[in-house]
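A short worksheet on the structure shown next.
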C-alpha cells in the first residue's frame, strides 16, 4: 500500500474544509464568518500553450463567490511549500497570471503556506530596472512554524487544529 504524501494531505485539507483553510491561511481576504459564499475548487492542472510544454499542477486554487453580490468573486491561489528556501515567487506569479487569464479576472489572492521555518522566502517579487519597477508581485505568507498555537488553541477551525504543535 502506497503512503499518502504530506502534500496530498494538505490539498485534501483545503479541499475538504475550504472556508476554514482560507480563514486560517489568508484571514485578511477570506470570507467573514457570516458571509454566504460558494467556494468552488478550480482546475488544478494548468492548460498548456503547446502539447510538449511541461505539466504544472497547482495545490489548491479556490474561487469564492459571494451569493449576495456584496463582493465580486475572488480567486485564491493557495500553494504549500515545505521548505521556504525552495519557494519561487516567480512560479506563484506565473500560476496567478495563468489562472487570471483563464478565468477572466483580476481578483486574485496569492497565498503561500510554509510548513517549516528554516529560511526566509522573498517577501515580494519586483521586476524592473534601477529606474523603476514595472511589475510588483506580493502574496500572503502563512508561516505555520511561526503561528502561535495559543491564538488558535480554542478554535473550531479544522485547518488550524490540523497543524502540528
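Report yes if some residue within the range 81-100 is touching a helix residue (DSSP H, G or I) at 6+ places or on another chain (Cβ under 7 Å), assigned to a loop (DSSP other than H, G, I, E, B) and loosely packed, with under 14 Cβ neighbours inside 10 Å; otherwise report no.
No, every residue in the range 81-100 fails to be touching a helix residue (DSSP H, G or I) at 6+ places or on another chain (Cβ under 7 Å), assigned to a loop (DSSP other than H, G, I, E, B) and loosely packed, with under 14 Cβ neighbours inside 10 Å.
Only residues that are touching a strand residue (DSSP E or B) at 6+ places or on another chain (Cβ under 6 Å), surrounded by fewer than 19 Cβ atoms within 10 Å (Cβ to Cβ) and closer than 18 Å to residue 101 by Cα: list them for the range 66-80, please.
Answer for the range 66-80, where residues must be touching a strand residue (DSSP E or B) at 6+ places or on another chain (Cβ under 6 Å), surrounded by fewer than 19 Cβ atoms within 10 Å (Cβ to Cβ) and closer than 18 Å to residue 101 by Cα: just 73.
Being under 21 Å from residue 23 (Cβ atoms), more than 14 Å from the chain's Cα centre (by Cα) and assigned to a loop (DSSP other than H, G, I, E, B) narrows it down to one of 72, 130, so name that one. Walk me through it before giving the result.
Values: 130 fails: under 21 Å from residue 23 (Cβ atoms).
Result: 72 is the single residue among 72, 130 that is under 21 Å from residue 23 (Cβ atoms), more than 14 Å from the chain's Cα centre (by Cα) and assigned to a loop (DSSP other than H, G, I, E, B).
Restrict the check to the range 149-161 and report whether at least one residue is at pLDDT 90 or above and surrounded by fewer than 11 Cβ atoms within 10 Å (Cβ to Cβ). Write out each step before concluding.
Initial filter on the range 149-161 (at pLDDT 90 or above): none.
No, every residue in the range 149-161 fails to be at pLDDT 90 or above and surrounded by fewer than 11 Cβ atoms within 10 Å (Cβ to Cβ).
For (1) touching a residue at least 60 places away in the same chain (Cβ under 8 Å); (2) over 17 Å from residue 24 (Cα atoms), each residue gets a yes or a no:
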position: 62; (1), (2): no, no
position: 90; (1), (2): no, yes
position: 107; (1), (2): no, yes
position: 113; (1), (2): yes, no
position: 120; (1), (2): no, yes
position: 127; (1), (2): no, yes
position: 131; (1), (2): no, yes
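Going residue by residue through the range 93-104, is there one that turns out to be over 20 Å from residue 60 (Cβ atoms) and modelled with pLDDT of 85 or more? Step through it out loud before you land on a result.
To start, the set of residues in the range 93-104 that are over 20 Å from residue 60 (Cβ atoms) comprises 104.
Those still in the list that are modelled with pLDDT of 85 or more too: 104.
Yes - at least one qualifying residue is present in the range 93-104.
Looking at residue 160, is it assigned to a helix (DSSP H, G or I) and closer than 16 Å to residue 82 by Cβ? Quick ask: steps written out before the conclusion?
On the way: assigned to a helix (DSSP H, G or I): yes; closer than 16 Å to residue 82 by Cβ: no.
No: the conditions fail for residue 160.
Got a number for residues in the range 111-144 being surrounded by 10 or more Cβ atoms within 10 Å (Cβ to Cβ), farther than 20 Å from residue 94 by Cα and at pLDDT 80 or above?
Residues in the range 111-144 being surrounded by 10 or more Cβ atoms within 10 Å (Cβ to Cβ), farther than 20 Å from residue 94 by Cα and at pLDDT 80 or above: 3 in total.
The values are calculated or read from the model by the stated rules, or taken from the named source; none is laboratory data. Only a predicted model underlies this, so the values are computations on that prediction, with no experimental measurement involved. Reconstructed Cβ throughout: ideal geometry from the backbone, glycine too, with neighbour counts over all protein chains shown.
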